[in-house]
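Below is one structure, written out as structure tokens; comments come after it.
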Amino acid sequence: MTRDAARSQDERERDERERDERSRDERERLRETFTQVADLYDRARPRYPEPLFDDLAALTGAGPGSRVLEIGCGTGQATLPLAERGCAVVAVELGSRMASVARRNLAAFPLVEVVTARFEEWPAPDEPFDLVVCATAFHWIDPAVRMDRCADALRPGGALATVVTHHVAGGTEDFFARVQDCYERFDPATPPGLRLRPAAEIPYDDDGELERSGRFGPPVFRRHEWELSYSTAEYLDLLLTYSGHRALDPAAREGLLACIAHLIDTRHGGRITKRYLAELRVARRLP
């Protein structure tokens, strides 16, 4: 390799490291916005549909006595259904305020422990878990370590279960088409002409990461759709729990929320309906 070629390779590697660092810093910045509004998050965020946990139990055998590690439990939206099914849960949550609300919500379940820690740095106990669960939070975990960390926490044959949630076409479709004008006006990151896709067009959450890790078998998927109705105030509260909205400049955020509220109140009688898709992905740890 020539000196110029070696320097070019060094520059590419340096640029790649810098991009990774910027991506990691941005992920951490957005990840920590949730803990600022823990009580609002607990009140406004939708719960997962019960049939999803029926699928989880059927696919993993989770039930009374199962040892479960939950990553990023938030205020306990997924922890509570696991606790109600008799699982012994260790829930790791980065945000201290989120963890405090989760402890309050789960106080009636002595088999649940909520730990305030960064999962990437948390020292897992020696006894392995039967199941690792992460609901709507796996994308916040450092991709460089998350597969190995999850696999190391599991017994051979134990399962990793992740849940992703999508906003899909349906509900008050006219509102969600018109509201893009508000986003394009106040949020410069909004792609022009953005429209919601039907659930059938949403690709499965499988980019090959499980296979590339060499630690897990092929995933199994289950999907559930449901709708929730929101008053103007309830919908604005929901938006204020999303990292992208919280990261906006305060003046832009206030302008965006005012624009959305005006649209709901004047064209939709103060109430809209949102359609959700929750996708459960389960994969077994290889021996």
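Here's the yes/no breakdown for (1) more than 19 Å from the chain's Cα centre (by Cα); (2) farther than 25 Å from Ala135 by Cβ; (3) modelled with pLDDT of 95 or more:
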residue: Ala153; (1), (2), (3): yes, no, yes
residue: Ala159; (1), (2), (3): no, no, yes
residue: Val168; (1), (2), (3): no, no, yes
residue: Glu173; (1), (2), (3): yes, yes, yes
residue: Ala189; (1), (2), (3): yes, yes, no
residue: Pro192; (1), (2), (3): yes, yes, no
residue: Ala200; (1), (2), (3): yes, no, yes
residue: Asp206; (1), (2), (3): no, no, no
query = Taking region 269-287 as the search range and keeping residues that are assigned to a strand (DSSP E or B) and touching a helix residue (DSSP H, G or I) at 6+ places or on another chain (Cβ under 6 Å), which one is farthest from Leu160 (Cα to Cα)?
reply = Ile272
query = Has region 34-50 got any residue that is over 19 Å from the mean Cα position of the chain (by Cα), in a helix (DSSP H, G or I), within 18 Å of Val163 (Cβ to Cβ) and at pLDDT 95 or above?
reply = no
inquiry  = Quick check on region 219-259: of everything there that is of a type in the set (D, E, K, R) and in contact (Cβ under 8 Å) with a residue 40 or more places away in the chain, which residue is surrounded by the fewest Cβ atoms within 10 Å (Cβ to Cβ)?
reply    = Glu227
ask   = Taking region 178-189 as the search range and keeping residues that are loosely packed, with under 14 Cβ neighbours inside 10 Å and of a type outside the set (Asp, Glu), which one is nearest to Arg118 (Cα to Cα)?
value = Ala189
remark   = Residue hits (region 38-51; surrounded by fewer than 21 Cβ atoms within 10 Å (Cβ to Cβ) and closer than 22 Å to Val220 by Cβ) are Pro49, Glu50, Pro51
remark   = Just one listed residue, out of Thr79, Thr2, Thr75, Thr60, is polar (S, T, N, Q) and at pLDDT below 95, and it is Thr2
Region 81-117: number of residues that are of a type in the set (Asp, Glu) and closer than 20 Å to Leu56 by Cα = 1
remark   = Condition set hydrophobic (A, V, I, L, M, F, W, C) and part of a strand (DSSP E or B), scope region 216-239, selection nearest to Arg45 (Cα to Cα): answer is Leu228
task = Restrict the check to region 240-248 and report whether at least one residue is assigned to a helix (DSSP H, G or I) and closer than 21 Å to Glu70 by Cβ.
result = yes
task = Determine if region 202-215 includes at least one residue that is in a loop (DSSP other than H, G, I, E, B), free of Cβ contacts under 8 Å to residues at least 24 places away in the same chain and among the small types (Gly, Ala, Ser).
result = yes
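The values are calculated or read from the model by the stated rules, or taken from the named source; none is laboratory data. Since the model is a prediction, treat every value here as computed from it, not as a measurement. Cβ sites come from the backbone with ideal geometry, for glycine too, and all protein chains shown count toward neighbours.
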